[in-house]
Amino acid sequence: MIKNNIKGTICYFGCPGEEGGSGKAYMAREKVFNDVDAAFTWHPADVTGVVEGSSLANIQAYVRFYGKSAHAAACPHLGRSALDAVELMNVGINYLREHVIEDARMHYALTNGGGLSPNVVQAFAEELLLVRAPKMSQTKEIYERVKNIAKGAALMTDTKVEIIFDKAASNVVVNDTLSKVMYEKLLELGQIKLTKKEEEFAKKIKNTLSDEEKITDKVMMDSIKEYKFTEKAAPESTDVGDVSFVVPTAQINTSCWVLGTAGHSWQVVAQGKCGYLHNAMILAGKVMALSALELFENNEIIVKAKEELKERLNGEEYICPIPSYIKPHLTVK
């Protein structure tokens, strides 16, 4: 930019905690992105292409039950099981699945089962709950129903329940204008190439995948995925959604993993330092740089992207799904 006297400003945002921390949502809440004209971002995947469509909004919360301990054989009637409350809540959530929209998702992890002894009525138990749906309004509605299930479980077990809001992320507002710019730059640069050594390693990873995961005989994607505009929500969540409500935003994937590799698997971790992943990351950087350059040289694209965002929002204003009293944290105790 200095060498060619290109006017404008490049901002690089380091965004912590994308997966479980909703870092960008906190940043959007503090208006970090409000003076930005356009945003480009990237996420690793097993394919190379523009990220199509929206994402699922989500809300995450800790649900804690407090009961009373007792000897599980001699005097169980004197105890009040917090673990029973967690299990009953999960049964209720499982029955709820039939009565929510098809694209909704409800997940949970038992973070504290109340101890290691089955001979004690567990006085405390905790679960981390995650609710998702295509729109934040839908997510909030389901979240309230799940909270009522938790309260019902507490009534059934004569325990007390505490629901602690943890984090949330908005659904992505798609921007076809910026996505086309990134797609054009992807086509210009082309897919990454593997060395013989990298290909041998990739084949070893491929051999560890199940038949269900082996969606093709190809080891790595060798082309650019064709871009097709859609507003349908993909079955995943990202805090990029909060940015996209504030500023026109587009995102790409590059091939960092063997085709068919399941996200959040050990195979993803095993490929984390290999050469082709590094090259895929460099490709992403080049695409973002060339996309930004295109906007500097053609400001009318920015104008069009902003008009598209305004049209898609249709009067809706961004409200951060994380309440103002919730602060970013490293751990919950």
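The values are calculated or read from the model by the stated rules, or taken from the named source; none is laboratory data. Since the model is a prediction, treat every value here as computed from it, not as a measurement. Neighbour counts run over all protein chains shown; Cβ positions are idealised from the backbone, glycine included. These area figures cover heavy atoms from the full protein model, side chains too; ligands, DNA and RNA do not enter into them. Shrake-Rupley method; radii C 1.70, N 1.55, O 1.52, S 1.80 Å.
Answer yes or no: is there a residue in the range 256-270 that is touching a Leu at 6+ places or on another chain (Cβ under 8 Å), open to solvent by 30 Å² or more (accessible area, probe 1.4 Å), among the aromatic types (Phe, Trp, Tyr) and touching a residue at least 60 places away in the same chain (Cβ under 8 Å).
So far as the range 256-270 goes, yes, one or more of its residues are touching a Leu at 6+ places or on another chain (Cβ under 8 Å), open to solvent by 30 Å² or more (accessible area, probe 1.4 Å), among the aromatic types (Phe, Trp, Tyr) and touching a residue at least 60 places away in the same chain (Cβ under 8 Å).
Of the conditions (1) open to solvent by 50 Å² or more (accessible area, probe 1.4 Å); (2) touching a strand residue (DSSP E or B) at 6+ places or on another chain (Cβ under 7 Å); (3) farther than 29 Å from Leu189 by Cβ, Asn34 fails just one. Which one is it?
Condition (2) is where Asn34 drops out.
For the range 18-47, which positions are touching a helix residue (DSSP H, G or I) at 6+ places or on another chain (Cβ under 7 Å), more than 30 Å from Thr111 (Cα to Cα) and not in a strand (DSSP E or B)?
Once the filter is applied, which keeps residues that are touching a helix residue (DSSP H, G or I) at 6+ places or on another chain (Cβ under 7 Å), more than 30 Å from Thr111 (Cα to Cα) and not in a strand (DSSP E or B), the range 18-47 yields Phe33, Asn34, Asp37, Ala38.
Give the range 220-244 a look and list any residue that's of a type in the set (D, E, K, R) and either in contact with a Leu (Cβ under 8 Å, 6 or more places away or on another chain) or closer than 18 Å to Ile319 by Cβ (or both), or say none.
Residues satisfying the conditions are Glu236, Asp239, Asp242.
Which residues, counting only those in the range 72-111, are outside any helix (DSSP H, G or I), closer than 19 Å to Ala154 by Cα and open to solvent by 60 Å² or more (accessible area, probe 1.4 Å)?
Across the range 72-111, the qualifying residues are Arg80, Tyr108, Leu110, Thr111.
Residues to consider are Ser324, Ser291; find the one that is modelled with pLDDT under 95, in contact with a Lys or Arg (Cβ under 8 Å, 6 or more places away or on another chain) and either over 22 Å from Phe40 (Cβ atoms) or not hydrophobic (A, V, I, L, M, F, W, C) (or both).
Exactly one of Ser324, Ser291 is modelled with pLDDT under 95, in contact with a Lys or Arg (Cβ under 8 Å, 6 or more places away or on another chain) and either over 22 Å from Phe40 (Cβ atoms) or not hydrophobic (A, V, I, L, M, F, W, C) (or both), namely Ser324.
From the list Ile319, Ile282, which residue is open to solvent by 30 Å² or more (accessible area, probe 1.4 Å), part of a loop (DSSP other than H, G, I, E, B) and of a type in the set (A, V, I, L, M)?
Ile319
Residues checked against (1) free of Cβ contacts under 8 Å to residues at least 40 places away in the same chain; (2) of a type outside the set (A, V, I, L, M, F, W, C):
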residue	(1), (2)
Ala82	no, no
Asp103	no, yes
His107	yes, yes
Gly113	yes, yes
Phe124	no, no
